[in-house]
Amino acid sequence: MRTTHLRLAFAALSLTLVACSENKGATQSPAAQTAAAKPKVSVVTLSPQSVTITAELPGRTVASLAAEVRPQVNGIIRERLFREGTEVKQGDALYQIDPASYKAAYDSAIADLRKAEAAVPSAQAKVDRYESLTKQDAVSQQNLDDAAATLAQAKATVEAAKAAVETARINLDYTTIRAPISGRLDKSSLTAGALVTANQTTTLTTIRTLDPINIDVTQSSTNLINLRQAIDSGRIKLSGDNVSVRLKLENGTIYPLTGKLEFAESSVSETTGTYALRAEFPNPDRLLLPGMYVRALVEEGVAENSFLVPQRAVSRNTKGEPVALLVDKEGKVEQRVLTIGQSVGNNWLVSSGIADGDRVIVEGSQLTRPGQSVDPVEVIIDDTTGEVRERKQAALTPQTGNDVAAINAAPSADTSKN
């Protein structure tokens, strides 16, 4: 009997709870139920803008000038006249070879020149005398011709002696080995007392000009074709004749000075399918040294009326096509297939699939599906940190320079990074 009463009590309690739950659900309005069913998503409104197209290319730093120093005469190095690793100017003395034998050869050449010059006046006087006597038929014409030949030989001997003097002087000057260019010196391979020979294969030292410095980079022929076609179709406009180049160093920092593109090769490598470019950078602090690995950021042109879509908003469908979820005017989710180009910072450059004023979902897409109604919240994305903030909250809190510019600029600038 007691068990029966307990069962009746539990049944009554259950009916009471069910009735309370039904009454509570009946008190919620349809609008409240609809709002509770709408997931919140973060969106960014897009608009067209001018985007600077840059190519990030791998490269190496190369000295703008390089000269290997070698002796041009034989001899013993008597003295090294520079400090290794220092800067020198063109014409500065680097080594001194013992000049004794070359000084003697120079003095001997001077003496030979004086001897040759001394024979010219006598030969000239003989010619003048024979010319006068020939007119009087005192000497034969043959004698005059012989005297003229002797004078010519004497003058030729003088010219040869002058050349010998100049050769001896040059060799004597070569005993002082000078810097052929201005730049920084490497270590010396030989010391005082070493025997050197003219034009030997072993270099004494190497001089490299570091300011300015060159950057040799490579670009694929495929990218070149794509760029030329984009320019021809009008999608990209050239930024001008002077193409500026920025530099990203090995540690990821940006080199503070801007360089310029000097030339591009006229042929493509048959083995690698690339062609070479060379840029020139000022290097007053000698921060860049030859052989460093760098990445050059080359400005190829400007794409006008283009859209930048955050990379976090783009995914791939089952066909491998890039897609993005957007919120239409009715507040419903729509999926679109995009045509994307290169990356610009944390964004994709999109050429089709986006229109002015479209709202792309950057957060919350995993909770939605196409056709579903959602509650969109306008946000901005910090290009530096990638942090997503609501536009209202970002306007009320202290901002970084990038955030302030993003708030004050057009909607498209919120996700752009030129």
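Just so it is clear, none of the values below were taken in a lab; they were calculated from the coordinates. Not measured: the values here are computed from a predicted model. When we count neighbours, we look across all protein chains shown, and the Cβ atoms used for this are built from the backbone with ideal geometry, even at glycine.
For the pair Ala148 and Arg70 in one chain, pulling the backbone fully straight at 0.36 nm per residue adds 23.4 nm over the alpha carbon distance.
One decimal place: the segment Ala160-Glu87 gains 22.2 nm when fully extended, by the rule 0.36 nm per residue minus the C-alpha distance. Loop-located GluC sites (Glu not before Pro) across the range 34-113 with a Cβ neighbour count of 16 or fewer within 10 Å are Glu84, with loop assigned by DSSP. Restricting the calculation to Cα atoms, the range 235-346 yields a radius of gyration followed by a Dmax of 19.7, 60 Å. Just so you know, the averaged projected area of the alpha carbon convex hull for the range 34-146 sits at 24.1 nm². Placing dummy labels 7 Å off each Cα toward the beta-carbon, the span from Ser101 to Ser315 is 8.4 nm. Annotation: aspartates and glutamates with alpha-carbon distance below 19 angstrom to Lys40 (same-chain offsets under eight excluded): Asp328, Glu330, Glu334, Asp358, Glu363, Asp375, Glu378, Glu387, Glu390. Label positions at Gln342 and Thr134, each projected 7 Å from the Cα along the C-beta direction, are separated by 8.3 nm. Compare the Cα positions of Ala161, Gln141, Ala100 along the charge dipole of the range 99-174 (+1 at Cβ of Lys, Arg; -1 at Cβ of Asp, Glu; about the Cα centre) and return the one farthest towards the positive end. After comparing all options, I get Ala100.
Go through Lys38/Lys329; Lys89/Lys248; Lys103/Lys187; Lys103/Lys162; Lys135/Lys155 and tell me which ones have a Cα-Cα distance over 21 Å in this structure. Flagged as over cut-off: Lys89/Lys248; Lys103/Lys187; Lys135/Lys155.
Shape analysis of the range 99-174 yields a ratio of the Cα radius of gyration to the Kirkwood radius, Rg/Rh, of 1.25.
In terms of the mean number of neighbouring beta-carbon atoms within 10 Å, the peptides 194-200, 105-111 order highest first as 105-111, 194-200.
Loop-located trypsin sites (Lys or Arg not before Pro) across the range 252-357 with a Cβ neighbour count of 10 or fewer within 10 Å are Lys319, Lys329, with loop assigned by DSSP.
Between Thr167 and Ser108, the modelled labels are 1.2 nm apart [label points 7 Å from Cα along Cα→Cβ].
Among the trypsin sites (Lys or Arg not before Pro) in the range 64-142, those placed in a DSSP loop whose Cβ has at most 12 other Cβ atoms within 10 Å are Arg83, Lys89. Here the range 272-321 was treated as a single set of alpha-carbon atoms; its pair distances binned every 10 Å from 0 give 13, 27, 26, 26, 8, 1 percent.
Placing a label point 7 Å from the Cα of Ala118 along the Cα-to-Cβ line, the residues of the range 138-176 whose backbone N sits under 15 Å from it are 158.
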